[in-house]
Amino acid sequence: MAVVGLLALDSSRAHERDAAMLHGFVALDRPRVHAYVVVLAHLADPVPYLLVGAALIVVAVARGLAWRAGAVAVLLIATGASTQVVKHLLAQQRFEAWLRVHQVGAAAWPSGHSTAAMTLALCAVLVAPAALRPLVAVLGGAFAAAVGYAVLVLAWHFPSDVLAGFLMAGTWMALAVAALRVLEPRPAGSSRRGFDPGVGLGVGAAAALAAAAVAVVPRDAVTLYASERPTLVVGALVLAAVAGALAAGLARAA
């Protein structure tokens with residue numbers, strides 16, 4: 001996360017690539033999809049964030065996972081508070097002429113919406129039954145990535161802001177899992193599982209979603225758009241990979 005911050009805020013060359021990725025995402029904002037993108041981005045607003053978070057706490061309590069319920073409560077507050085503190089401490093204007101009057105705000109790194117989306121995704125994995133964690137990880141990672149893409153299409157943030165938000169949530173979750181390893185010791189004789197068949201279900205679901213997305217868009221249009229904007233493709237893949245890796249890693253470690 002520190003490396004991302006140094007590149008995004010202190011390297012002009014990295015910022016040029018950041019802006020180029022954002023330009024590709026903003027070009028996807030078309031009238032017929034704009035309303036849907038706005039709804040998707042607002043799924044990580046404070047009210048839905050707290051409602052979903054409260055529901056996850058209830059699930060943990062119902063499953064008899066008191067420590068995990070407490071961890072979710074702490075994470076809901078800590079991740080958001082940390083993001084707000086960091087973004088205001090490191091606030092700086094990153095002006096882009098092509099954005100004209102719709103400039104990304106100075107206090108934008110890390111993205112609060114991306115932090116919130118990833119926090120919910122990881123907390124859902126944390127409280128899910130072991131058999132369902134791979135599937136929840138896939139769905140949660142997809143949700144976080146989708147919210148991240150949405151705030152980019154709307155030009156609320158640069159891609160580095162979204163990546164930093166994911167890493168902020170991942171950092172706090174790693175600390176929570178470390179604490180739970182002490183507070184929730186594994187039963188004597190337990191060991192790490194090998195390959196979980198549930199992973200196959202999760203991968204299959206992800207493949208089906210990707211295939212469905214490709215099927216509804218003309219292939220020529222996808223190929224042309226991607227070939228004209230290679231930086232966008234790289235950025236989109238990196239964000240999806242980080243979202244997936246965080247969720248899948250937690251499914252393995254929780």
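The values are calculated or read from the model by the stated rules, or taken from the named source; none is laboratory data. Remember, predicted model here, so these are calculated numbers, not experimental data. Don't worry about glycine lacking a Cβ; one is built from the backbone with ideal geometry, like all the others, and counts go over all protein chains shown. Protein only, heavy atoms only, side chains kept; ligands, DNA and RNA dropped before computing areas. Shrake-Rupley method; radii C 1.70, N 1.55, O 1.52, S 1.80 Å.
Just by accessible area at a 1.4 angstrom probe, what is the order of Met1, Met118, Met21 from largest to smallest?
The ranking, largest first, comes out as Met1, Met21, Met118.
Could you give the size of the charge dipole of the stretch 4-114 about its Cα centre, using +1 on the Cβ of each K and R and -1 on the Cβ of each D and E, expressed in debye and rounded to the nearest 20?
200 debye
Please turn the phi angles of the stretch 83-96 into ³J(HN,Hα) values with the Karplus equation 6.51 cos²θ - 1.76 cosθ + 1.60 (θ = phi - 60°), one per residue in order, whole Hz, x for glycine and proline.
Using θ = phi - 60°, the values come out as 4, 5, 5, 5, 5, 7, 5, 9, 4, 7, 6, 10, 6, 10 Hz.
With only Lys, Arg, Asp and Glu charged, each at its Cβ (+1 for the first two, -1 for the last two), find how big the charge dipole of the stretch 1-58 is about the Cα centre; round to the nearest 20 debye.
Roughly 200 debye for the stretch 1-58.
How much accessible area per residue does the stretch 57-184 have, in Å², with a 1.4 Å probe?
Numbers: 5040 Å² over 128 residues.
Counting only protein heavy atoms, the per-residue value for the stretch 57-184 is 39 Å².
For a Förster distance of 30 Å, can you work out the FRET efficiency between the beta-carbons of Ala131 and Gln84, rounded to the nearest 0.05?
0.25
With r defined as the distance between the Cβ atoms of Arg181 and Met1 and R0 fixed at 35 Å, what FRET efficiency is calculated, to the nearest 0.05?
0.95
Pop out the ³J(HN,Hα) list for the stretch 104-116 in order, Karplus 6.51 cos²θ - 1.76 cosθ + 1.60 with θ = phi - 60°, rounded to Hz; leave Gly and Pro as x.
In residue order, the calculated couplings are 5, x, 5, 8, 10, 10, x, 6, x, 5, 5, 4, 4 Hz.
What ³J(HN,Hα) values, in whole Hz, does the Karplus curve 6.51 cos²θ - 1.76 cosθ + 1.60 give for the stretch 37-45 when θ = phi - 60°, with x put for Gly and Pro?
Using θ = phi - 60°, the values come out as 5, 4, 4, 4, 5, 6, 5, 9, 5 Hz.
Would you please calculate the Kirkwood hydrodynamic radius of the stretch 1-57 over all C-alpha pairs and express it in Å, rounded to one decimal?
Roughly 14.2 Å, rounded to one decimal.
Between Trp98 and Leu50, what is the FRET efficiency for a Förster distance of 41 Å, r being their Cβ-Cβ separation, to the nearest 0.05?
After rounding to 0.05, the efficiency reads 0.70.
From the protein chains alone at 1.4 Å, what is the descending order of accessible area for Tyr36, Tyr149, Tyr49, largest first?
Descending accessible area places them as Tyr36, Tyr149, Tyr49.
When a/c reaches 1.5 or more, the comparison of a/b and b/c decides; with that in mind, is the stretch 2-132 rounded, prolate or oblate per its Cα gyration tensor?
It comes out prolate by the Cα gyration axes.
List the residues whose amide H sits under 5 Å from the amide H of Leu90, counting only those 5 or more places along or on another chain, with H placed 1.01 Å from N in the peptide plane.
none
Let a ≥ b ≥ c be the square roots of the eigenvalues of the Cα gyration tensor of the stretch 39-84; is it rounded (a/c under 1.5), or, if not, prolate (a/b larger than b/c) or oblate? Could you put the intermediate results ahead of the total?
On the way: a/c = 3.91, a/b = 1.52, b/c = 2.56.
In terms of gyration-tensor shape, oblate.
Per the 1.4 Å probe, what fraction of the accessible area of the stretch 83-148, in percent, lies on carbon and sulfur atoms?
So the carbon and sulfur contribution to the accessible surface is 70 percent.
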